[in-house]
Amino acid sequence: FHEERISVSDFDIEMVSPVLRPIRRAPRYYVSADGRVYDHNLKEVQYKRNASGERFVSLIVGHTRLVVSVVYRLVLEAFRPTYDPETYYVRRDGDKNNDAVNNFQDAYSASRRVAKWRNQDGKVVVNR
């Protein structure tokens with residue numbers, strides 16, 4: 001018995017999984033609509049947390065370049081056709097563990113106004 005390992009890059013990603021999209025800045029990695037990041041073998045990558053509690057990943061591009069990005073930005077870039085890096089996005093539920101694309105709403109533009117809204121529990125959430 002001979003087992004041959006096949007990577008996702010050998011196929012059209014839409015055929016393999018319609019819920020995965022390639023990451024523009026790191027084409028050997030994929031992101032799902034629910035906020036998971038996978039390498040070219042469909043193995044989920046390890047996540048770290050930044051000082052504000054956001055999940056981020058370090059992705060290797062080529063042999064030397066490292067792309068570091070918070071996960072929610074990768075999700076929005078891949079799944080929102082109108083994504084604008086100058087717009088601030090807020091989580092509807094206020095949970096920093098929930099990076100699903102349908103959990104984000106546009107809050108305000110780069111004018112640095114304070115956005116306030118109520119999450120599902122009725123708590124007032126402020127994002128600067």
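The values are calculated or read from the model by the stated rules, or taken from the named source; none is laboratory data. Keep in mind that what you see is a predicted model, and the values were worked out from it rather than measured. So basically every Cβ, Gly included, is an ideal-geometry build from the backbone, and we count neighbours across all protein chains shown. Just the protein is used for accessible areas: all its heavy atoms, side chains included, with ligands, DNA and RNA removed. Shrake-Rupley method; radii C 1.70, N 1.55, O 1.52, S 1.80 Å.
Odds and ends about this structure:
- Within the full protein context, the accessible area of Val45 is estimated at about 30 Å² for a probe radius of 1.4 Å.
- Largest to smallest in accessible area, the residues Arg55, Arg49, Arg80, Arg24 fall in the order Arg24, Arg49, Arg80, Arg55 (1.4 Å probe, all protein chains included).
- Heavy-atom accessible area order for Arg25, Arg91, Arg36, Arg65, largest first, 1.4 Å probe: Arg65, Arg36, Arg25, Arg91
- Anisotropy class of the stretch 33-79 from Cα gyration tensor, a/c 1.5 cut: oblate
- Qualifying GluC sites (Glu not before Pro) for the stretch 13-86 [loop in DSSP, other Cβ within 10 Å: at most 12]: Glu86
- Surface listing: Ile23, Ile60 arranged by accessible area from highest to lowest gives Ile60, Ile23, probe 1.4 Å.
- FRET efficiency, 1/(1 + (r/R0)^6) with R0 25 Å, evaluated for Asp93 and Leu42 via beta carbons: 0.35
- In Å², nearest 10: area of Leu42 left accessible to a 1.4 Å probe: 70 Å²
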